[in-house]
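I have placed the structure first, in the form of C-alpha cells, so that the comments after it can refer back to it.
The values are calculated or read from the model by the stated rules, or taken from the named source; none is laboratory data. Values in this document were obtained by computation on a predicted structure and should not be read as measured data. In this analysis, Cβ positions are derived from the backbone assuming ideal geometry, glycine residues included, and neighbour counts consider all displayed protein chains.
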Amino acid sequence: MTYRDLTVPFCEKWIGWKSRTRDQMVQAARSGKQNIIEGVGRSATSKKSEITLLDVARASLEELIGDYEDILRQKNLQIWPKTDPRILNFRQLGFRLSNLGNLSDLGYLKEKPVLPEKLEEAANLLLTFCHMATYLLDKQIAVAEKNFVEKGGFSENLLKKRLNYLSGSRSSTDRVGAS
C-alpha cells in the first residue's frame, strides 16, 4: 500500500491545505486501501461483497491516478511512459517494498517508501504504484469471480449443506418410524 503511505506526504508537500483536491486524493488513497482490506475480510462469507469492495478499491485508485495525471499536466510536467527505464525502476521498488521479505516479525516494513524530492518524479512514482495496485486488483477480482462461478457463494453452499442435512435426517427418521 505504498501509494497510500506516500499520497499524504505528496499532498502535504505539493497541494495547498485548503485544496479540495488534497482531501480527495487522501480519501481516494485511504478508500483504496480500506476497501481492499474489507473485501478480503469478507471473502469467506460473501464473494459478492468481496468482488464489490475490490471493485470500489479499484475505482478509488483510478480516481487517484486521474488526480496525479492532472497535476502533471497542469504543471506542464511529463507523464512517463511505462517503457521508461525510470518506471521500470519504480516497479522494481514497488515489488521490493511489497515483498513479504520486507516485513519484520512484527509486520513493520524494513525498507520504507521515500517520496522523491522533485514533483515530476514523485507523481510518476505514485502513478506507477497506483497502476501496479489496479493491475493486481484486476487479477484478484478475476480470481474471486472465477471462484464464485465454480464454487458458489457462502449462502448457496450453506443452503446445500442444510438441504443435505435435512434429507439425511428425514431418511433416518423415516427408517426409524417404519420399524
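Considering the range 113-151 alone, what residues qualify as being without any contact (Cβ under 8 Å) to a residue 12 or more places away in the chain and under 23 Å from Glu38 (Cβ atoms)?
Tyr135, Leu136, Lys139, Ala142, Val143, Lys146, Val149, Lys151
Of all the residues that make up the range 30-40, how many are hydrophobic (A, V, I, L, M, F, W, C) and without any contact (Cβ under 8 Å) to a residue 60 or more places away in the chain?
We begin by selecting, within the range 30-40, every residue hydrophobic (A, V, I, L, M, F, W, C); these are 36-37, 40.
So of that shortlist, the ones also without any contact (Cβ under 8 Å) to a residue 60 or more places away in the chain come out as 37, 40.
Adding up the residues that qualify gives 2.
Within the set of pairs 6+ apart or on separate chains, which have a first residue in the range 1-29 that is more than 23 Å from Leu109 (Cα to Cα), a second that is exposed (fewer than 13 other Cβ atoms within 10 Å of the Cβ) and modelled with pLDDT under 95, and C-beta atoms under 8 Å apart?
Matching pairs, first to second residue: Arg22/Gly16.
Return the residue satisfying two criteria in turn: it lies in the range 58-108 and is among the small types (Gly, Ala, Ser) and in contact (Cβ under 8 Å) with a residue 40 or more places away in the chain, and of such residues it is surrounded by the most Cβ atoms within 10 Å (Cβ to Cβ). Give the steps one after another, and end with the answer.
So the first thing to find is which residues in the range 58-108 are among the small types (Gly, Ala, Ser), and the list is 59-60, 66, 94, 98, 101, 104, 107.
This time we only want the ones that are in contact (Cβ under 8 Å) with a residue 40 or more places away in the chain, so: 94, 98.
Values: Gly94: 19, Ser98: 17.
Among those that are among the small types (Gly, Ala, Ser) and in contact (Cβ under 8 Å) with a residue 40 or more places away in the chain, it is Gly94.
Inspect the range 17-39 for any residue being among the aliphatic types (A, V, I, L, M) and part of a loop (DSSP other than H, G, I, E, B) and give the result as yes or no.
Filtering the range 17-39 down to residues among the aliphatic types (A, V, I, L, M) leaves 25-26, 28-29, 36-37.
From what is left, the residues that are part of a loop (DSSP other than H, G, I, E, B) are none.
No, there is no match, as no residue in the range 17-39 is among the aliphatic types (A, V, I, L, M) and part of a loop (DSSP other than H, G, I, E, B).
(1) closer than 11 Å to Met132 by Cβ; (2) touching a strand residue (DSSP E or B) at 6+ places or on another chain (Cβ under 7 Å): which one isn't true of Asn102, the others all being true?
Single failed check for Asn102: (1).
Can you tell me which of (1) at pLDDT 95 or above; (2) more than 26 Å from Ser31 (Cβ to Cβ) is the one Arg170 doesn't meet?
(1)
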